[in-house]
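Asker: Pasting a structure below so you can have a look.
What follows draws every value from the coordinates through simple rules; no lab data is involved. Predicted, not measured: the structure shown is a model, and the values here were computed from it. Cβ sites come from the backbone with ideal geometry, for glycine too, and all protein chains shown count toward neighbours.
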Amino acid sequence: MNALKAELTRYHDVKFNSLFPAISEQRKISPYPKIYVAYINLHRMVRTGKYKLIIYPWAKKLLLFDVQTDPDEMIDLSEKPKYANVINDLIGKFKEQQNIMNDPLDLHPYVPDLF
């Protein structure tokens with residue numbers, strides 16, 4: 001892949017690594033062991049190299065995908081008992097990231113069994 005390089009200044013408040021190595025295929029593995037996403041009070045997500053857990057608080061719904069075997073995220077694994085440990089592990093990673101990011105959303109009212 002040919003990619004155009006731009007000379008950019010990285011600002012002190014930018015908290016992510018450059019995507020250029022991934023775009024230019026210099027790096028095959030993400031520089032992040034996990035990724036955390038928060039969108040107002042409607043959506044939370046944590047992702048590792050293998051799994052992605054999406055939390056929709058108001059709908060009281062979790063979605064779990066194996067992004068290695070299902071990159072289009074078509075098969076929700078959240079209701080399958082054999083993935084309970086995966087969900088618990090991702091919830092732990094989620095809580096850690098939520099604390100680091102000072103995300104104030106309390107998910108206990110929406111998903112009390114997990115939060």
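Asker: If R0 is 22 Å, what FRET efficiency do you get for residue 103 and residue 80 from their C-beta distance, rounded to 0.05?
Answerer: On the way: r = 28 Å, r/R0 = 1.25.
E(calc), rounded to 0.05, equals 0.20.
Asker: Any chance you could run the full-extension gain for residue 70 through residue 88? It's 0.36 nm times the residue separation minus the Cα-Cα distance, nm to one decimal.
Answerer: 4.5 nm
Asker: Okay, moving on. Semi-axes of the equivalent ellipsoid of segment 30-100: what are they in whole Å, largest first, if each equals the square root of 5 times a C-alpha gyration tensor eigenvalue?
Answerer: The equivalent ellipsoid of segment 30-100 has semi-axes of 17, 15, 12 Å.
Asker: Another question about this same structure. Hey, can you rank 44-53, 71-80, 87-96 by average C-beta count inside 10 Å, highest first? Show your work: numbers first, answer last.
Answerer: Details: 44-53: 18.7, 71-80: 11.7, 87-96: 16.5.
By packing density, highest mean first, the sequence is 44-53, 87-96, 71-80.
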